[in-house]
Amino acid sequence: MPSFRESYFLVPVLGQQESDMPLGSVIADVTTLERIKPNEDLSIHIDTEIYKPWRVPQIVGAIPSARYDIEYSAFRRLMLDDLEEPLAPVSLIVYGIDQIKTRCFQPSAEFIAKAAADPAVKSRLEIGDAAKVFVVTGVKMARKFSVHEENTETGMVKHQIKFDATDLSTIFAFKVSQLFLTSDGEPTIENYVDGAIFEED
């Protein structure tokens with residue numbers, strides 16, 4: 001049964017294809033997508049079903065700058081290189097996402113063990129809480145994506161980002177599980193949603 005809790009994070013930059021961030025990838029930071037490069041491609045060890053639902057309807061939204069919540073901050077980070085640059089107090093962040101496909105999987109115990117045993121991943125896990133490890137367990141792709149800031153008094157539009165392709169899709173959101181060691185030193189995972197803004201379906 002699908003979950004309707006927000007579990008997908010907005011990417012920090014558009015234009016990545018599925019090959020750039022395949023399911024099973026290991027990252028160190030959900031805000032920068034800093035990759036941890038294992039000795040082998042962990043995606044080949046996915047041994048559970050990969051769900052491939054399509055969602056054709058568009059996701060649209062308008063976030064007032066006065067709200068300044070997690071969703072607002074995520075889109076602001078995507079639009080602006082300089083996060084110190086203020087947005088107008090009378091502005092909206094307006095976005096539209098269309099032709100969406102989601103791929104996701106639930107890691108098995110065998111996959112978790114394989115990932116944790118990889119030397120690059122293992123060395124980071126052994127550092128403990130100071131070094132996070134996340135497994136990418138879902139990606140949302142779209143053929144059309146746009147976001148901009150709109151001044152509600154003047155109608156002026158700026159900080160506009162667009163992706164529109166017929167044959168290509170860009171990853172616009174991703175889901176992760178945090179990989180860590182228990183007090184007994186056994187690898188385990190749990191869903192990580194702190195900062196997520198999109199629902200499962």
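Read-outs: derived from the displayed coordinates by stated rules, not from any lab. Just so it is clear, the model here is predicted, and its values are computed rather than measured. Every residue, glycine among them, receives a Cβ derived from its backbone with ideal geometry; neighbour counts consider all protein chains shown.
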Mind checking the angle between helix 70-79 and the chain's longest principal axis? C-alpha axes, 0 to 90 degrees, to the nearest 10. 80 degrees
In sequence order, calculated HN-Hα J values of the range 15-32 (Karplus, 6.51, -1.76, 1.60; Hz; x Gly/Pro): x, 6, 8, 4, 5, 6, 9, x, 4, x, 4, 10, 10, 9, 8, 7, 8, 10
When a footprinting reagent is the concern and you count Cβ atoms within 10 Å, what order do T188, T32, T170 take, fewest first? T32, T188, T170
Cα-Cα over 25 Å: which of K144/K175; K122/K175; K37/K158? K37/K158
Whole-Hz couplings from phi, Karplus 6.51/-1.76/1.60, listed for the range 119-124; x for Gly and Pro: x, 5, 6, 4, 5, 6
Cβ-based exposure ranking for K132, K122, K140, in which fewest neighbours within 10 Å come first: K122, K132, K140
Once each part is reduced to its C-alpha centroid, what is the distance from the range 18-67 to the range 142-201 in angstrom? 8 Å
What list do you get for R76, R5 if you sort them by fewest beta carbons within 10 Å? R5, R76
Excluding S169 itself, calculate the net charge of residues whose Cβ lies under 10 Å from the Cβ of S169, where each Lys or Arg counts +1 and each Asp or Glu counts -1. +2
